[in-house]
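**Q** One structure coming up, written as structure tokens, with questions to follow.
The values are calculated or read from the model by the stated rules, or taken from the named source; none is laboratory data. Keep in mind that this is a model prediction, so the values were computed, not measured. Heads up, the Cβs are rebuilt from the backbone with ideal geometry, glycines too, and the neighbour counts pull from every protein chain shown. Just the protein is used for accessible areas: all its heavy atoms, side chains included, with ligands, DNA and RNA removed. Shrake-Rupley method; radii C 1.70, N 1.55, O 1.52, S 1.80 Å.
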Amino acid sequence: MKKILTSMVAILVLVCAVSACSSSDAAPEETQTIDLGTSGMTMDIPASYAAGDITAEDTDESQVAYYASEESLVDFDVYQWAKAEGETLESVAAAEAAEYGAEATAAEFNGVACMYYETVEESEGAEYQTATYIFENGDFFVEIVFWLDGNNAADEVNAMISTIAVVGSGEITEEGTEITLGTSSLKITTPVTYTAGDITEEDTDENQVAYYASEESKVDFDVYQWAKAEGETLESVAADEAAEYGAEAETMTVGDLTVMKYSAVEESEGTEYTTVTIIAEDGSDFVEVVFWLDGDDAEAFVNSIIDTLTR
């Protein structure tokens with residue numbers, strides 16, 4: 001279930017608290033910069049935070065990450081999804097806040113527009129104040145839901161949210177030929193330059209995280225990423241998916257990675273194409289690349305890309 005944000009009163013209080021409590025004698029806390037999904041946005045957080053596991057249900061709700069620290073009173077979830085036609089930052093935030101009887105308020109951090117709201121939510125039988133911030137960048141909405149547990153938690157939220165930055169141009173693009181697959185540790189290298197194209201809300205609802213195309217190639221490809229469900233294995237997921245197309249998945253080894261691969265015929269905009277799909281594991285996630293082939297030499301081109309898969 002998508003979680004939502006806490007009160008701005010706490011945020012304003014925390015700004016004052018940070019100013020009042022900071023001192024020139026205090027050593028600066030070591031931080032790390034994290035990517036907020038594949039949105040082209042980043043945030044600085046304490047170095048003690050680490051990414052935790054998320055479930056298949058979480059990824060179905062557009063959650064892309066969860067972070068926690070044993071040294072902090074705040075955990076937070078990160079969501080990312082593509083805009084639907086007609087949606088605006090204001091309309092999305094207003095509709096979401098209304099589900100909790102709250103009202104979304106406009107704010108700005110480092111020149112980046114934001115809508116935020118507060119509420120109380122339950123997790124594992126306990127109630128928590130939550131503070132939710134929603135941003136937009138290009139075709140994507142990005143949402144951060146902070147779960148507060150303690151009197152000084154608002155200070156910690158303020159310190160993190162005030163570092164929000166846009167590092168992309170509004171769409172996911174990759175310079176050169178090395179492409180990271182979603183938020184995973186897996187990468188591929190293409191022989192020509194690819195750039196990211198638009199994806200829709202329907203695409204992100206199906207766990208698609210990126211689409212890449214190149215004017216120098218007859219092959220486009222989609223990237224999917226989702227959390228494993230209980231009992232799922234790489235082999236079972238690939239077998240079930242291939243069976244939907246009357247195909248059979250085969251196991252292959254690329255470097256030190258085990259990958260499942262199958263070929264099928266799929267339709268796009270009224271035209272049928274041969275597709276080659278590979279599925280790999282990355283920790284608690286599955287990562288899938290679907291190559292759309294258009295040309296006699298396209299399969300050899302795809303195989304040359306698959307051979308570069310690494311982590």
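**Q** Give me the distance between the Cα centres of the stretch 271-291 and the stretch 143-160, rounded to whole Å.
**A** 37
**Q** So what's the net charge close to Glu250: Lys and Arg +1, Asp and Glu -1, counting the other residues with Cβ under 11 Å from its Cβ?
**A** So the environment of Glu250 carries a net charge of -1.
**Q** Restricting to DSSP loop positions (anything but H, G, I, E, B) with no more than 12 other Cβ atoms inside 10 Å of their own Cβ, which GluC sites (Glu not before Pro) remain in the stretch 226-283?
**A** Loop-located and lightly packed - Glu230, Glu244, Glu248, Glu269.
**Q** I've got another one for you. Percent relative contact order of the chain, based on C-alpha pairs within less than 8 angstrom and at least six residues apart?
**A** 17
**Q** Calculate how steeply helix 89-98 sits against the longest principal axis of the alpha-carbon atoms of the chain, using the helix alpha-carbon long axis, and give the answer as 0 to 90 degrees to the nearest 10.
**A** 70
**Q** Given Cβ point charges of +1 (Lys, Arg) and -1 (Asp, Glu) and nothing else, what value in debye, to the nearest 20, does the dipole of the chain about its Cα centre take?
**A** 980
**Q** Sort 101-107, 43-49 for me by packing, meaning the mean count of neighbouring Cβ atoms within 10 Å per residue, highest on top.
**A** Ranked by mean Cβ neighbours within 10 Å, highest first: 43-49, 101-107.
**Q** How much accessible area does Thr31 have with a 1.4 Å probe, in Å² rounded to the nearest 10?
**A** 80
**Q** In addition: Take the alpha-carbon centre of the stretch 66-110, take the same for the stretch 179-229, and report the distance between them in whole Å.
**A** Cα centroid of the stretch 66-110 versus Cα centroid of the stretch 179-229: 25 Å apart.
**Q** What number comes out for the charge environment of Ala165, summing +1 per Lys or Arg and -1 per Asp or Glu over other residues with Cβ under 15 Å away?
**A** Here the charged neighbours net out to -4.
**Q** Something else: Relative to the longest principal axis of the chain, what angle (0 to 90°, nearest 10) does the C-alpha long axis of helix 8-21 take?
**A** 70
**Q** Next up: What is the stretch 134-255's relative contact order, in percent, from Cα pairs under 8 angstrom and six or more apart in sequence?
**A** 14
**Q** I need the shape label for the stretch 177-311. Rule: rounded when a/c is under 1.5, else prolate if a/b > b/c, else oblate, with a, b, c from the alpha carbon gyration tensor.
**A** Rounded is the answer for the stretch 177-311, as its axis ratio a/c remains below 1.5.
**Q** Right, next: Using a Gaussian network for the chain with springs between C-alpha atoms less than 10 Å apart, which of these wobbles most: Asp297, Asp222, Asp53?
**A** Sorting by GNM fluctuation, first place goes to Asp297.
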